[in-house]
Every structure is written in C-alpha cells, then in structure tokens.
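Inspection log for the structure reproduced underneath, given as structure tokens.
The values are calculated or read from the model by the stated rules, or taken from the named source; none is laboratory data. Just so we're clear, the structure is a prediction, and the values are computed from it rather than from any experiment. Virtual Cβ from ideal backbone geometry, glycine too; neighbours counted across all protein chains shown. Ligands, DNA and RNA are excluded from the accessible area calculation, which covers all protein heavy atoms including side chains. Shrake-Rupley method; radii C 1.70, N 1.55, O 1.52, S 1.80 Å.
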Amino acid sequence: MAGVAEDIVGWIVGVGLDGLDQAELMAGYCDRLVEAGVPLWRASIGADTLHPLIQAQGHRWLAGEGVREEFYARSSSPEAEQEWRQSPWHWMIESGELQMRRRLAAGEGSNEFPLLAGLAAQGGTDYWARIVGFGNRRSIGETRGVATSWATRDSGGFAERDLALIDATLPAFALAFKATMAIDTAGVVVTTYLGHDAAERILRGEIERGRVNTMHKVLWFSDLTGFTRIADTLPREQLLDLLNAYADCLVGVVHDHDGKVLKFMGDGILAAFDGAGGDACRRALDGAEAAAAAMARLNRERSAAGLPVTGFTLALHQGEVLYGNVGSRDRLDFTVIGPAVNELSRIQAMSRSLDQPILVS
C-alpha cells in the first residue's frame, strides 16, 4: 500500500502546486482511490468559506457521475438548518470526534442520522467520516478544517486497507484543498470590497503606490436623500436594513448597465462606466432612468410593508481620471482621482438647490 499512497500523494502535490480547482482535485483524488481498489461509491468534502452570501461550500463525488459542487447560504432555511444539525459532521464537530464509522449493512447509524438512513436505503453498506483540522495559525475566516465522508456499496464494506489508504493520503489532499481555498478566498474578499475590475488588477500585482492609469470614464455619484435625519431617528436594525436595501437596488442597476461600483461613501455610491464613444454615456443615462424606476418600485414595496423609505440624488459626469493606487506606504486605496471627480461631487451637491434628483453635466 505504501507505494500506492506515495503515488497518490505525489499527484496531489503536483496538481496542488499547479492550481487545479477544487472540483477537479476532488474528482482526480476519488478516481485514483478507485483505481487503487477502494470500492468507493460516494465521497463528500465540506468546509466553511469566507463569502458574504455563502456560509460553507462542498463537493460531492458519486461513482459514474463525477463531482457536484454544493453551496450553503448564510441565511439558510429552517429546513436546511435542521438537516445540518442532524448530520454526522455536525455531531462530530460538536462532540470533538475526528473520525466516525457506521456499518450501514448492519443497521448502524440509520436511527442516529437521517443521511445515513438514506444512504442505507440506496444500497450503502459502510460509511466513514474524518475531519482534518487546520489548526488556529494563519486561518482565514472561520475555517478550521475540512470535513470528509466516504461510503461504499460493496457487500463487505470498506476493508481496513481501504480506510488506511484514504487515511494516509487525506492530509495531502486537505492541504491542496486548503491552498485552493486560500486563492479563491483572496479573490472573493478583494472583489467583495473593491469590485471585480480593481480586484483583477490587484491580484495581477498592481499594488505599487502611485501606479495609476489615465482613463476616460463616465462617473456616477448617487446619494440617499435625508439620510442624516434617517440615521438619527431609526433604530440600528432598521437603519441597516434600509441602507442595504437601497444599496442592493442602486448597485444592481449599475451592474445591469455594465458599470463598476468603485466605493461606498457612507450612503453614497461612486461608480464608473467604461466604453468607447457614446456607449458609456448611453449606458449611464439608461442606468439613471432604470434607477429612478427601481427606486420608485422599492419605495412602493417598502411602504406597503410599513417600512421607512427614502429617495436618491444622482449626478453623471464624464472626463479623464487617474485610476489606481493612492494612499500611504502601507495603506492604499484603489480609486479614481482628478478634476472630473471633484466636479462630479459639486454637481451632485447642487441637487438640493435645483430641486432635481438627477443632474447630468
């Protein structure tokens, strides 16, 4: 078995360094276990992830079907939460057990976990789960390890050699999986806070202070009306709900018209539209019209639900900007600066005196 384990670990290290994605890594690992004689029918791997909408991610491999990715939302339904609390992994995490085996053919586990009862009904004969811990050093988010499970339909269940081979190669697999998670997490975090375009540039290495590009952009600056008064009067939960609801509305409009949100400034949104000739102008103007309609629709929905509402002001302007890294030596902001940005802010400030929600230069 030692030679087989070494070959599998060698493959894992190679593809891990090469940056194979998680699904391909999972599929390749399971296929090699099967080639080594492990009567594998079903395998699952799961871990917490650092994503604003996703609590955890997983991959499930089935013999003859390959790998299916699974994602678990942060705001899960009561049914999904109940299913998780009745799962073997949840029991292992809560009890501190790192391994668990249930011989399904002998009726073990079916009265403990609905999942195992389902596997037994599908012909499963043996189930083994193991959690590989990452430790508390250099962790990202709440992830502290990878949870895995392995099932077979073989009449004799897993042989000790089968479990020993998985056990011997699993730490290398978990390390490669952790490496891909770190890369994916870096992309998600940077994109979440800076936007897709800035994230791509930063991850390509554009992090030197003063490294900027001169670009012509159509700029968008929107603001919620009366937000200072709203912030002073609404309870915190209602204030955050209002701010997030209107941000979803306006950011969605910007993205729908191929714009890029550059930053949030309190309740304000600074965005930009790229494009040749009048294309960027047309998309920005169409976005302004769509924003007015979307805000009116949102206000009707919130009013009907008895929730507080607000309006917005918007300025559109175009010009050359410096786009890139600006800041101190060790604290940078990837943003736009230049006279056009200053002019945009002054145009937006005129909305109140002109009594016009949308101003275009």
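Exactly one condition in (1) closer than 15 Å to Ser222 by Cβ; (2) exposed (fewer than 15 other Cβ atoms within 10 Å of the Cβ); (3) in contact (Cβ under 8 Å) with a residue 40 or more places away in the chain; (4) not basic (Lys, Arg) is false for Ala284; which is it? (2) is the only condition that Ala284 fails. Restricting attention to the stretch 142-192, the residues being in a loop (DSSP other than H, G, I, E, B) and within 16 Å of the chain's Cα centre (by Cα) number 2.
Of all residues in the stretch 103-124, those that are of a type in the set (Phe, Trp, Tyr) have Cβ atoms under 9 Å from Cβ atoms of residues that are exposed (fewer than 15 other Cβ atoms within 10 Å of the Cβ) and modelled with pLDDT under 95, 6 or more apart or on another chain, in Phe113/Gln86.
Among the conditions (1) assigned to a strand (DSSP E or B); (2) in contact (Cβ under 8 Å) with a residue 40 or more places away in the chain, Val13 misses just one, which is (1). Taking (1) hydrophobic (A, V, I, L, M, F, W, C); (2) buried (at least 19 other Cβ atoms within 10 Å of the Cβ); (3) in a helix (DSSP H, G or I) in turn, Val34 satisfies each apart from (2).
Taking the stretch 255-279 as the range and being under 21 Å from Leu224 (Cβ atoms), acidic (Asp, Glu) and not in a loop (DSSP other than H, G, I, E, B) as the test, only Asp256 passes. So is Ser110 among the small types (Gly, Ala, Ser), farther than 27 Å from Glu24 by Cβ, out of contact with any Phe, Trp or Tyr (no Cβ under 8 Å at 6 or more places or on another chain) and open to solvent by 90 Å² or more (accessible area, probe 1.4 Å) or not? The answer is no for Ser110. The test for being at pLDDT 95 or above, not aromatic (Phe, Trp, Tyr) and not in a helix (DSSP H, G or I) does not hold for Arg68. Restricting attention to the stretch 329-354, and to residues there that are hydrophobic (A, V, I, L, M, F, W, C) and open to solvent by 60 Å² or more (accessible area, probe 1.4 Å), which single residue is farthest from Ala272 (Cα to Cα)? This residue is Leu354.
From the list Phe113, Phe71, the one residue that fits, being aromatic (Phe, Trp, Tyr) and under 24 Å from the mean Cα position of the chain (by Cα), is Phe71.
When Val326 is tested against the conditions (1) of a type in the set (Val, Ile, Thr); (2) open to solvent by 40 Å² or more (accessible area, probe 1.4 Å); (3) in a helix (DSSP H, G or I), the lone failure is (3).
Could you tell me whether any residue of the stretch 48-55 is open to solvent by 70 Å² or more (accessible area, probe 1.4 Å) and among the acidic types (Asp, Glu)?
No; the residues of the stretch 48-55 include none that is open to solvent by 70 Å² or more (accessible area, probe 1.4 Å) and among the acidic types (Asp, Glu).
When the stretch 293-310 is filtered for residues that are open to solvent by 20 Å² or more (accessible area, probe 1.4 Å), assigned to a loop (DSSP other than H, G, I, E, B) and in contact with a helix residue (DSSP H, G or I) (Cβ under 7 Å, 6 or more places away or on another chain), the ones remaining, listed by number, are Pro308, Val309.
Assess whether Arg74 counts as being among the charged types (D, E, K, R) and modelled with pLDDT of 95 or more. Answer is no for this residue. If you go through the stretch 217-252 and keep only what is in contact with a Gly (Cβ under 7 Å, 6 or more places away or on another chain) and among the acidic types (Asp, Glu), you end up with just Asp223.
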